[in-house]
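The values are calculated or read from the model by the stated rules, or taken from the named source; none is laboratory data. Please read all numbers here as calculations on a predicted model, not as lab measurements. Note: accessible area is taken over every heavy atom of the protein model, side chains too, but ligands, DNA and RNA are not part of it. Shrake-Rupley method; radii C 1.70, N 1.55, O 1.52, S 1.80 Å.
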Amino acid sequence: MNVASITEMWDRLTGTQPDPSGWLVGATALLALAAVLARRVWHVLRNAVTIAHEGGHGLAALLTGRRLQGIRLHSDTSGLTVSRGRPHGPGMVLTAAAGYTAPSLLGLAGAGLLAAGHITALLWGATALLLVMLVMIRNAYGMLTVLVTGALFLLVSWLTKAQVQAAFAYLVVWFLLLGGVRPVAELQRTRRRDPRGSSDADQLARLTGTPAALWLMVFYAVALCSLLGGGRLLLPG
């Protein structure tokens, strides 16, 4: 790869792209909402939320000095992130809290990039994060899921026109913002049937000595505030 090619790639990455039309932003929002609400579609696309969820656990573990052992993604859209370190303390609390908050916070960060016109940076950044995550995947289904998702981002960013890239980027960000709320509601329903379960909220309750319901409220607050903030960034003024 010569210097001119590297310069061109850098310009694409750091440059801005034109804002899409208002109808495209609204259409992608409605499409993402339909995907979250439709049970069969959600069951498939929830894998993307699980990737963000487990990636959040993994990133928090690394940032707090824990040793990340591996990540597993399962066909029922559940996942597991294993890290080594102190079984209690701030690092463990942040690692446990990062899962349900990660999809919404990623969506909010993505909304910020799109509002600034950095569509290419979002697509390439997502591809890079997926490649990094792939190194830590420890089961075949997880590897397949991350590879397919990363390939989709790569193909869209390299082989499609600007309008298609914009539509895909906005759809992904809307899906993360809207899809970040539903898992919290699902967790709440699950805990009603099994209040002594092993969910992230229950783990956080044991780590901090506070009720699991309080952590549910934290998850809801992050998801809803991210949705409102991201929506304000994405929707035309």
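Structural remarks
- Solvent-accessible surface (1.4 angstrom probe) belonging to TYR100, in square angstrom, nearest 10: 40 Å²
- Compared with the dominant Cα axis of the chain, that is its longest principal axis, helix 162-179 is turned about 10°.
- With DNA, RNA and ligands ignored, accessible area of PHE175 (1.4 Å probe; Å², nearest 10): 20 Å²
- For VAL41 and ARG138, the difference between the fully extended length at 0.36 nm per residue and the C-alpha to C-alpha distance is 32.3 nm.
- Percent of C-alpha pairs per 10 Å bin in the range 44-136, short distances first: 17, 45, 31, 7, 0.
- Measuring nothing but protein heavy atoms, the accessible surface of the chain at 1.4 Å probe radius is 68 percent carbon and sulfur.
- Normalised by 2.2 N^0.38 Å, where N counts its residues, the alpha-carbon radius of gyration of the chain equals 1.04.
- Accessible area expressed per residue, the range 188-233, with surrounding protein chains retained (probe 1.4 Å, Å²): 63 Å²
- Under 5 Å from the amide H of SER83 lie the amide H atoms of GLN69, each residue being 5 or more positions distant or on a separate chain, with H modelled from the backbone and absent for Pro and chain starts.
- The chain - mean residue ellipticity at 222 nm from DSSP helices (-39,500 (n - 2.57) per run, n ≥ 4, rounded to 500): -25500 deg cm²/dmol
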